[in-house]
Amino acid sequence: MTSKTAATRYARALLDVALQEHVDLDRVERDLAAFVDLFERQPALKKVMLNPAVPVQRKRAAMTELVARANLVTNVGKLLVLLAERDRLTLLADLLASYRERLLDHKKVVRAEVTTAIPIDAERTRAIEARLAQATGRTVTVRTRVDPAIIGGLVAKVGSTVYDASVSGQLQRMKQRLEEER
């Protein structure tokens, strides 16, 4: 099993338990993110906790102490101790990313990346969000970027679906049709 697969399973379990126990899902995300940030900012802690030569019992004891001091949501604390017991703390970053994706999915929110040839203003971004929300049936959060190579129009990527309304895309499709007609 890959580490991403394992992290996804832990994230699914964390979300399911939090839902079942009516825990604030955003608080779970904040606590998990805060701990991952602490873990990344403390190289000595990370080195010790990821070192295979350190006995698992010591890692578990250290994690239990950290969790108690950090005042984390019970579910997050239990998961961190479990990861220490199983020597799976390398999964933390992937676990956080997977939990965030599952949380967005639970809230019926989807991320979109919109690429335009020139920067667009906030009003235009909101209009694009509204159109994409209408197309997907979900709430959409848009991240914009600029790529002059598309010449004009826009390219919107929502999940694995790409909506290409760019001038360069239209020119490419015209070229293909002309080549097919030969």
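Of all residues in segment 136-171, those being loosely packed, with under 15 Cβ neighbours inside 10 Å and under 20 Å from residue 122 (Cα atoms) number 9.
Look at segment 61-80 and say how many of its residues are assigned to a helix (DSSP H, G or I) and surrounded by fewer than 19 Cβ atoms within 10 Å (Cβ to Cβ).
The first filter runs over segment 61-80 and keeps only residues assigned to a helix (DSSP H, G or I), leaving 61-70, 74-80.
Right, trim to surrounded by fewer than 19 Cβ atoms within 10 Å (Cβ to Cβ) and you get 61-62, 64-65, 68-70, 74, 78.
The number of residues fulfilling the criteria is 9.
Table: residues versus (1) within 18 Å of the chain's Cα centre (by Cα); (2) in contact (Cβ under 8 Å) with a residue 60 or more places away in the chain.
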residue: 79; (1), (2): no, yes
residue: 90; (1), (2): yes, yes
residue: 104; (1), (2): yes, no
residue: 113; (1), (2): yes, no
residue: 144; (1), (2): yes, no
residue: 153; (1), (2): no, no
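Restricting the search to segment 31-44, which residues are farther than 14 Å from residue 80 by Cα and outside any loop (DSSP other than H, G, I, E, B)? Scanning segment 31-44 gives 40, 41, 43, 44.
The numbers here are math on the coordinates, done by the rules we state, and not lab data. Computed from a predicted structure; not experimentally measured. Every residue, glycine as well, gets a Cβ built from its backbone with ideal geometry; the counts of neighbours run over all protein chains shown.
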